[in-house]
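Worksheet for the structure shown next.
The values are calculated or read from the model by the stated rules, or taken from the named source; none is laboratory data. Given the structure is predicted, the values throughout are model-derived calculations rather than measurements. Heads up, the Cβs are rebuilt from the backbone with ideal geometry, glycines too, and the neighbour counts pull from every protein chain shown.
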Amino acid sequence: MKLSVIGAGYVGLTTAACLAQIGHDVFCSESDLEKLAKLQNGEMPIFEPYLELVIKLTQRANRLRFGSTEDAIAWGEALFICVGTPPLPNGDADLSAIEGVARAIAKRASGYRLVIEKSTVPVQTGAQLRRHLSVHRANGLKYDVASNPEFLREGTSVEDFLHPDRVVIGVDSPRAAEILRGIYAPIIQQQFTCPLHSQCPKHKSPLFLVTDTNSAELIKHASNSFLAMKISFINMVANLCEAVGADVNKVAQGMGMDPRIGSAFLNPGIGFGGFCFPKDVQAFIRIAEKSGCDFTLLKEVERINQHRVEHFVEKLRKELWILRGKRIGVWGLAFKPDTDDIRFAPALAIIRQLLSEGANIQAYDPQAMDKCRSELPEITYCSDLYRAAEGAEAILLLTEWSEFLTADWGRLSTLVERPVVLDGRNALRREEVIANGFQYLGIGGVSEGTLSASSMVEV
Ligand code: UDX
């Protein structure tokens, strides 16, 4: 089927490439001309594992092309809107990019189009889109509007798109449902050439849920807010563990054994970041406020998360006393591993706080340093994790990239000024760190330098 994807961010680019991979003829547009030129020249504007490969494969097969929004509107029978919905100062999602695309579709498209919102939007955006298309349409445009929330995670977006747990569509006409079912058929049946695995393991068919548009829009916000709530919950418990001398890793492990709870998203740390959770929780709170519903629960989720930065910096202050003039080695800048995305990254908030207290920061991240340089020009960017540790009075692990987890602690012990490690993700091999003479400080009561009895109990 001829499909268009409007907006080439993390979601749009992955959607376009993967829809082409499963056999569709895709046109992807981008309004940022610099980014568009990169894509047209075969360069990647973002780091995302496997995405470059899928783009190359599908371009070679002549199933993926990049160009202007106007050309994208003319191309596709179905148009996926994947433009940004950043937060406004009051927490509302800024829908002006979506409105702009809707207006362009109304003005330029003719015949029938299925307009699909894939960007995360507040509930009732589909209804607004319908109204907007009806008011501004020219050329006898006929249309349906559908919601198709995207649940992919950065860092694993290609895998998540091609092998999802669920595909949700929100439609208000049988025709829209039929088209979307056709688009996703190869994914529902798990029948396509998989670019990720040479021998693709047998994947379960994803669940396919058809709802009305409003419900589909809510599913996305509710899912992200629920996951954010799990993270804040375990971070809240981590504070109690620190106060009473328990080990939050063990608590999370024990909780996660209950299938009703599940172990995912119970990793304590410096808090959630990225371009989804913080803004989606905020937007969900605003939607509830406007609808007269009490979402105090989510305000607490936000508050707990915001406090993680200060809580972590306080741990460092307790250890080093005065931060002014101290050299601190920072490992990780991205909001999570396997991405170069630094939007709302807790690492950056921590660094800003340390800088304001006069610390000297030397940082290393495998992918995010280029994006960080303009945001934080005052820190030293290092070529590897060992350079970042040289002469440091403490090493802070802020993003759990796999290369940090396999660091040579013997070598590190010869490089640092003082052997102190603050593990902001409880991700390092604590025993190994301690065995090499380091003092290890984790999150949630996880060891002050010796192995606690609880950590040695095998479950
Ligand atoms: C999230 C959702 O998972 C995805 O379904 C949606 O489409 C977009 O938003 P993403 O933002 O890419 O995806 O990353 P995710 O892996 O969910 O992590 C979000 C943040 O939570 C990161 O900062 C991560 O470090 C943090 N996190 C995650 C924790 O602190 N603890 C956890 O247990 C899990």
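How many residues does the stretch 314-346 contain that are hydrophobic (A, V, I, L, M, F, W, C), more than 16 Å from the ligand (Cβ to nearest atom) and surrounded by fewer than 22 Cβ atoms within 10 Å (Cβ to Cβ)?
Within the stretch 314-346, residues that are hydrophobic (A, V, I, L, M, F, W, C), more than 16 Å from the ligand (Cβ to nearest atom) and surrounded by fewer than 22 Cβ atoms within 10 Å (Cβ to Cβ) number 4.
Do we have any residue at all in the stretch 224-241 that's modelled with pLDDT of 95 or more and more than 26 Å from the chain's Cα centre (by Cα)?
Within the stretch 224-241, one or more residues are modelled with pLDDT of 95 or more and more than 26 Å from the chain's Cα centre (by Cα).
Please work out if ASP92 is farther than 29 Å from LEU53 by Cβ and either within 16 Å of the ligand (Cβ to nearest atom) or touching a Pro at 6+ places or on another chain (Cβ under 9 Å) (or both).
yes
Give me the pairs: first residue in the stretch 78-100 and under 27 Å from ILE183 (Cβ atoms) and free of Cβ contacts under 8 Å to residues at least 40 places away in the same chain, second residue part of a helix (DSSP H, G or I) and of a type in the set (Ser, Thr, Tyr), beta-carbon distance under 8 Å, and six or more apart or on different chains, which are they?
LEU95/THR125; ILE98/THR125
Among the residues of the stretch 437-455, which ones are surrounded by 16 or more Cβ atoms within 10 Å (Cβ to Cβ) and at pLDDT 80 or above?
Of everything in the stretch 437-455, those that are surrounded by 16 or more Cβ atoms within 10 Å (Cβ to Cβ) and at pLDDT 80 or above turn out to be PHE438, GLN439, TYR440, LEU441, GLY442, ILE443, GLY444, GLY445.
Quick check on my filter: what residues within the stretch 280-311 are of a type in the set (Lys, Arg) and either within 13 Å of the ligand (Cβ to nearest atom) or over 21 Å from ILE351 (Cα atoms) (or both)?
ARG286, LYS290, LYS299, ARG308
Of the residues that sit in the stretch 206-235 and are among the aliphatic types (A, V, I, L, M) and more than 14 Å from the ligand (Cβ to nearest atom), which one is surrounded by the fewest Cβ atoms within 10 Å (Cβ to Cβ)?
Restricting to residues being among the aliphatic types (A, V, I, L, M) and more than 14 Å from the ligand (Cβ to nearest atom), the top hit is LEU207.
Whether any residue in the stretch 108-120 is among the basic types (Lys, Arg), more than 16 Å from the ligand (Cβ to nearest atom), at pLDDT below 95 and surrounded by fewer than 24 Cβ atoms within 10 Å (Cβ to Cβ) is what I want to check.
yes
Find the helices (runs of 4 or more DSSP H) located wholly in the stretch 282-400 whose residues include 3 or more that are under 30 Å from VAL123 (Cα atoms) and under 19 Å from the mean Cα position of the chain (by Cα), and list them.
The helices (runs of 4 or more DSSP H) meeting that bar are 296-320.
Is there a residue in the stretch 22-36 that is over 20 Å from TYR184 (Cα atoms), of a type in the set (A, V, I, L, M, F, W, C) and either surrounded by fewer than 23 Cβ atoms within 10 Å (Cβ to Cβ) or more than 16 Å from the ligand (Cβ to nearest atom) (or both)?
Taking every residue of the stretch 22-36 in turn, at least one turns out to be over 20 Å from TYR184 (Cα atoms), of a type in the set (A, V, I, L, M, F, W, C) and either surrounded by fewer than 23 Cβ atoms within 10 Å (Cβ to Cβ) or more than 16 Å from the ligand (Cβ to nearest atom) (or both).
Quick one: in the stretch 138-169, which of the residues that are more than 16 Å from the ligand (Cβ to nearest atom) and crowded, with 19+ Cβ neighbours inside 10 Å is nearest to the chain's Cα centre (by Cα)?
Here the residue is ALA146.
Mind listing whichever residues of the stretch 128-176 are without any contact (Cβ under 8 Å) to a residue 60 or more places away in the chain and assigned to a strand (DSSP E or B)?
Listed by number, the residues that qualify are LYS142, TYR143, ASP144, ARG166, VAL167, VAL168, ILE169, GLY170.
What pairs come out if I take residues in the stretch 265-279 that are within 6 Å of the ligand (Cβ to nearest atom) and pair them with residues that are of a type in the set (Val, Ile, Thr) whose C-beta lies under 6 Å away, six or more apart or interchain?
PHE265/ILE231; LEU266/ILE234; GLY269/ILE443; PHE272/ILE231
Name the single residue that is surrounded by the most Cβ atoms within 10 Å (Cβ to Cβ) among those in the stretch 262-281 being farther than 25 Å from GLN124 by Cβ and of a type in the set (Phe, Trp, Tyr).
Taking the candidates together, the pick is PHE272.
I'm told LEU196 meets every condition in (1) touching a residue at least 60 places away in the same chain (Cβ under 8 Å); (2) part of a loop (DSSP other than H, G, I, E, B); (3) within 16 Å of the ligand (Cβ to nearest atom) except one. Can you identify the failing condition by its number?
(3)
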